[in-house]
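I have placed the structure first, in the form of structure tokens, so that the comments after it can refer back to it.
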Amino acid sequence: MIKKTSHPLVQKAIEFAGDRLRPIAAQIDTQGGVPADIVQVLADEGFLGSVLPRDYGGGGVSAYDYGLLTEAIGAACSNTRVLLTVHTSLVGETIAKLGTEEQKQRFLPAMCSGKKIACFSLSEPLAGSDALSISTSYQEDDDGFVINGSKKWISMGAIADLFLVFAANQGKINAFLVERSAVGVSTQAMSGLMASRGAHLAEVNFTNVRVARENLLGRPGMGFTFVANTALYYGRFSIAWAGVAIARAALEEMVTYARTREQFGKKISQHQLIQALIADSTVDVHSARAFCENIAHMRDAKNEDAVMETNIAKLYTSRIATQVANNAVQVLGGNGLWQAYAAERLYREARVLEIIEGTTQVQQLMVANHALRHYFKPELRKQYPV
Amino acid sequence: MGHKKFDREALRQFIVKNMNVFDDEVVLLDDTNLFTSGFVNSIFAMRLLNYLETEYELEIPDEFISLTHFSSIYAMHELINNLQQVELT
């Protein structure tokens with residue numbers, strides 16, 4: 001389904017995803033999460049560093065190729081795709097964009113090689129969409145900074161070596177690169193989750209964690225304005241493609257099942273109401289991919305509207321993923337509710353995408369603001385009846 | 001090859017089309033503070049950063065990425081002028 005691309009890394013990702021990842025996706029979901037050997041393969045094959053600059057050990061692929069790669073991995077295993085979203089997009093691309101030369105040299109090669117796994121530590125027990133209300137704090141002294149507080153819902157937090165942490169002091173938010181080895185950092189894996197069960201979600205605690213001045217990412221007080229917003233832009237790009245990935249995987253599951261299962265003496269794919277679900281899902285997948293290809297091309301062309309279009313795409317494809325996965329469950333019937341079939345997992349994983357990297361409602365606010373200005377045509381008022 | 005001349009009107013149009021205010025007549029002057037006026041919120045700052053870097057084909061160094069340098073059309077004009085001069089020297 002993925003188009004041929006000139007970059008060999010994408011083809012390699014497609015093969016790896018199909019041959020090795022998809023067969024173990026259910027196991028990753030139920031038994032302990034993305035295994036270390038898979039993480040290392042992602043690094044060794046160049047997937048983790050794919051979109052990061054060549055100068056720092058990355059592959060320097062285009063946004064378009066990175067999107068295709070994300071789709072390939074995400075269609076096979078959403079939990080594994082999370083690693084690309086947080087490690088590569090949210091943290092890696094942000095360091096590449098806003099880090100000092102010293103920070104890039106210090107962290108990016110280690111991230112590309114998989115020596116350091118990074119995660120994005122913004123959400124807290126009482127601060128989700130209202131990110132400015134974070135209570136994790138920093139104090140500054142002659143030697144640097146001291147961080148105290150707790151983060152929650154941190155994907156890959158349980159296995160991460162590097163945390164991009166946001167902390168506040170009297171309303172000023174800083175972004176820090178904190179290593180797990182720092183005294184006072186502890187993590188506790190989260191359980192009882194509906195989805196992302198294999199994505200090593202954790203609560204992360206910082207108790208009097210001392211951070212050197214050179215680990216401040218971005219300028220003082222600009223942690224949210226520039227760092228978090230830049231990171232979330234990259235994160236939304238990744239999640240938009242993750243939506244295509246889940247929707248496509250769900251479509252493949254429903255079609256394959258429909259052509260296998262018989263009811264009323266014939267394959268259920270021959271029943272027109274099943275075909276309606278398949279047709280709608282196909283349109284959804286194709287439109288979601290068109291959206292994502294567009295934002296990728298805009299990013300590659302450095303089009304300044306790429307940020308807003310990415311918000312729109314993320315809003316759309318995360319919903320599409322839910323919708324198509326829901327259709328897959330419907331086509332599979334009782335089997336769609338059973339862990340033995342992938343549709344059940346895809347339905348749960350799809351639901352996450354409408355919550356992370358800005359909820360659907362946060363996206364709606366931004367998209368509505370954009371539309372209220374972009375589509376406002378005062379001259380139309382002349383046609384209004386007096 | 002010379003640097004691209006700063007285009008205040010192009011920047012103004014970019015800001016205006018992304019403003020969060022919906023009054024029909026909004027005046028955006030060169031020295032209007034974009035953030036304290038409420039015309040845009042701070043999230044827009046990273047878009048201004050991308051816009052300037054793309055438009056003027058330069059990388060804004062880390063030490064200049066603070067809200068002050070993006071607070072008005074005038075401030076951004078100053079920023080780009082200064083960076084272009086540094087590149088020339």
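Quick one: is B:Val16 more than 28 Å from A:Asn174 (Cβ to Cβ) and within 9 Å of chain A (Cβ to nearest Cβ)? Criteria met by B:Val16. Within the stretch A:4-15, being of a type outside the set (S, T, N, Q) and outside any helix (DSSP H, G or I) holds for A:Lys4, A:His7. On the basis of being crowded, with 22+ Cβ neighbours inside 10 Å and within 14 Å of chain B (Cβ to nearest Cβ), does A:Ala175 make the cut? Yes: the conditions hold for A:Ala175. Is one or more of the residues making up the stretch B:20-37 buried (at least 19 other Cβ atoms within 10 Å of the Cβ) and either at pLDDT below 90 or within 25 Å of A:Ala96 (Cα to Cα) (or both)? For the stretch B:20-37, residues buried (at least 19 other Cβ atoms within 10 Å of the Cβ) and either at pLDDT below 90 or within 25 Å of A:Ala96 (Cα to Cα) (or both): absent.
Please tell me if A:Trp241 is crowded, with 19+ Cβ neighbours inside 10 Å and modelled with pLDDT of 95 or more. For A:Trp241, the condition - crowded, with 19+ Cβ neighbours inside 10 Å and modelled with pLDDT of 95 or more - is met.
Here is a yes/no grid of residues against (1) touching a residue at least 40 places away in the same chain (Cβ under 8 Å); (2) not β-branched (Val, Ile, Thr):
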site	(1), (2)
A:Phe224	yes, yes
A:Tyr234	yes, yes
A:Trp241	yes, yes
A:Ala249	yes, yes
A:His271	no, yes
A:Val283	no, no
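With respect to the conditions (1) surrounded by fewer than 16 Cβ atoms within 10 Å (Cβ to Cβ); (2) under 20 Å from A:Asn311 (Cα atoms), B:Gly2 lacks only one, and its number is (2). Against the list (1) buried (at least 24 other Cβ atoms within 10 Å of the Cβ); (2) at positive phi, the condition A:Asp284 fails is (2). Candidates in the stretch A:328-385 are the residues that are acidic (Asp, Glu) and under 18 Å from A:Ser238 (Cα atoms); of these, the one that is farthest from the other protein chains (Cβ to nearest Cβ) is A:Glu349. In the stretch B:19-34, is there at least one residue being farther than 15 Å from A:Glu304 by Cα and in contact with a Gly (Cβ under 8 Å, 6 or more places away or on another chain)? Yes, the stretch B:19-34 contains at least one residue that is farther than 15 Å from A:Glu304 by Cα and in contact with a Gly (Cβ under 8 Å, 6 or more places away or on another chain).
Against the test of being outside any helix (DSSP H, G or I) and surrounded by fewer than 21 Cβ atoms within 10 Å (Cβ to Cβ), the options A:Gly58, A:Gly18, A:Gly32, A:Gly49 yield a single qualifying residue, A:Gly32. Residues that are out of contact with any strand residue (DSSP E or B) (no Cβ under 8 Å at 6 or more places or on another chain) and of a type in the set (D, E, K, R) number at least 1 in the following strands (runs of 3 or more DSSP E) confined to the stretch A:147-237: A:172-179.
Among the residues of the stretch A:289-303, at least one is within 14 Å of another protein chain (Cβ to nearest Cβ) and acidic (Asp, Glu).
Screening B:Ile80 with (1) in contact (Cβ under 8 Å) with a residue 40 or more places away in the chain; (2) at the interface with chain A (Cβ under 10 Å from one of its Cβ atoms) gives one miss only, at (2). Evaluate the stretch A:189-203: report whether one residue or more is among the aliphatic types (A, V, I, L, M), farther than 23 Å from A:Asp29 by Cα and either in contact with a helix residue (DSSP H, G or I) (Cβ under 6 Å, 6 or more places away or on another chain) or within 14 Å of another protein chain (Cβ to nearest Cβ) (or both). There is no residue in the stretch A:189-203 that is among the aliphatic types (A, V, I, L, M), farther than 23 Å from A:Asp29 by Cα and either in contact with a helix residue (DSSP H, G or I) (Cβ under 6 Å, 6 or more places away or on another chain) or within 14 Å of another protein chain (Cβ to nearest Cβ) (or both). For the stretch B:42-59, which positions are surrounded by 15 or more Cβ atoms within 10 Å (Cβ to Cβ), within 12 Å of chain A (Cβ to nearest Cβ) and in a loop (DSSP other than H, G, I, E, B)? Result: B:Ser42, B:Ile43, B:Tyr56.
For every residue, the table says whether it meets (1) over 18 Å from the mean Cα position of the chain (by Cα); (2) hydrophobic (A, V, I, L, M, F, W, C).
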| position | (1), (2) |
| --- | --- |
| A:Asn205 | yes, no |
| A:Ala212 | yes, yes |
| A:Gly221 | yes, no |
| A:Tyr234 | no, no |
| A:Ile239 | no, yes |
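For A:Val386, the conditions (1) of a type outside the set (Asp, Glu); (2) closer than 18 Å to A:Ser196 by Cα; (3) outside any helix (DSSP H, G or I) all hold with the exception of (2).
The values are calculated or read from the model by the stated rules, or taken from the named source; none is laboratory data. Model, not experiment: these values are computed from the prediction. Glycine gets a Cβ as well: all are built from the backbone with ideal geometry, and neighbour counts include every protein chain shown.
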